[in-house]
Amino acid sequence: MSRRLLAAVLAVGALLMIFPFVWTFVTSITAGGDVLTTPRLIPEQAGLDGYRKLFEVLPFWRITVNSLVLAVVSTALLLITSSTAAYAFARLDFPGKNVVFVAYLATLMIPMQVLVVPLFIEVRAFDLVDTYASLIVPTIASAFGVFLLRQSVAVLPRELDEAAFVDGAGHIRIFLRITLPLIRPALVTYGLFAFMSSWNAFLWPLVVIRSREFMTLPLGLASLSGEYTVQWNAIMAGSVVSIVPILALYAVAQQHIVQSVAQAGLK
């Protein structure tokens, strides 16, 4: 009986989690006039008007490419900086290592809203406003990523490093040939988190982007909400399109994510 009750609770929870996505899709295929009437899960006048508006009002392909470039480059740089820093904190001995690590983790308590003004002043001083660099440079380091990957590196047996040192390998070779392959599940998991964060970023692009040439997907969807009118079906259509890459990445990385969680539970 308890297992049936647990299954029922999980089923209800799953429905509650799925409902917003179903509602988003239904709204995206609902005619503009019907969106403001009584909500229905099955629209009376279904169509692709929202998707048509999306491509007519916005340079949708351009802003999608902008978001994709930002997410891919930012994620790649984050994986490089976080993994190298994680190896240094986990395997190298240098003066003040623990102090630096704690200070680095302390930055997690500082919200992005506090950093917006000083970051914008720096970006403007280097004349990078309204460029790809202004979107990418502030995102190439993450204290959360360093912490997550350091924990994965720290639990690896040091005997592997010692055996490699005996064979004449240095830190760079050990990092590339031994450490990275062994922490691949953690890398994939963090890479997915980093991609999602960059793909959905809104506040910082809103501050530094001025033209449609460098507009990202969240900014484009926000521009569909005017002072007097809101094109809900077009906004929801854009939301549906923006969810697709995340779902595809999750489907590809699902095995690594499960493996990463399982390894964390065993530790």
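One table, with the values for the structure above:
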read-out	value
Accessible surface, the chain, averaged per residue in Å² (probe 1.4 Å)	60 Å²
Nearest 10 degrees, 0 to 90: helix 2-28 Cα axis against the chain principal axis	60 degrees
Of all accessible heavy-atom area on the chain, the percent that carbon and sulfur account for (1.4 Å)	70 percent
Value of Rg to Rh for region 165-241 (Rh from inverse mean 1/r over Cα pairs, i.e. Kirkwood)	1.30
GNM flexibility winner over the chain from SER82, SER67, SER223 (Cα, springs under 10 Å)	SER223
Helix-only [θ]222 nm of the chain, DSSP H runs n ≥ 4, -39500 (n - 2.57) each, per residue, nearest 500	-22500 deg cm²/dmol
Kirkwood Rh, Cα atoms: Rg over Rh of region 1-144	1.14
Cβ charges +1 (Lys, Arg) and -1 (Asp, Glu), total dipole of region 50-152, debye	260 debye
Distance from region 80-154 to region 169-204 (C-alpha centre basis), Å	14 Å
Burial order of peptide ranges 185-193, 10-18 (average beta-carbon count within 10 Å, highest first)	185-193, 10-18
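The values are calculated or read from the model by the stated rules, or taken from the named source; none is laboratory data. For clarity, every value in this text was computed on a predicted model and none was experimentally measured. Please note: Cβ atoms are built from the backbone with ideal geometry, for glycine as well, and neighbour counts cover all protein chains shown. Remember, those area values only see protein heavy atoms, side chains included, never the ligands or the DNA or RNA. Shrake-Rupley method; radii C 1.70, N 1.55, O 1.52, S 1.80 Å.
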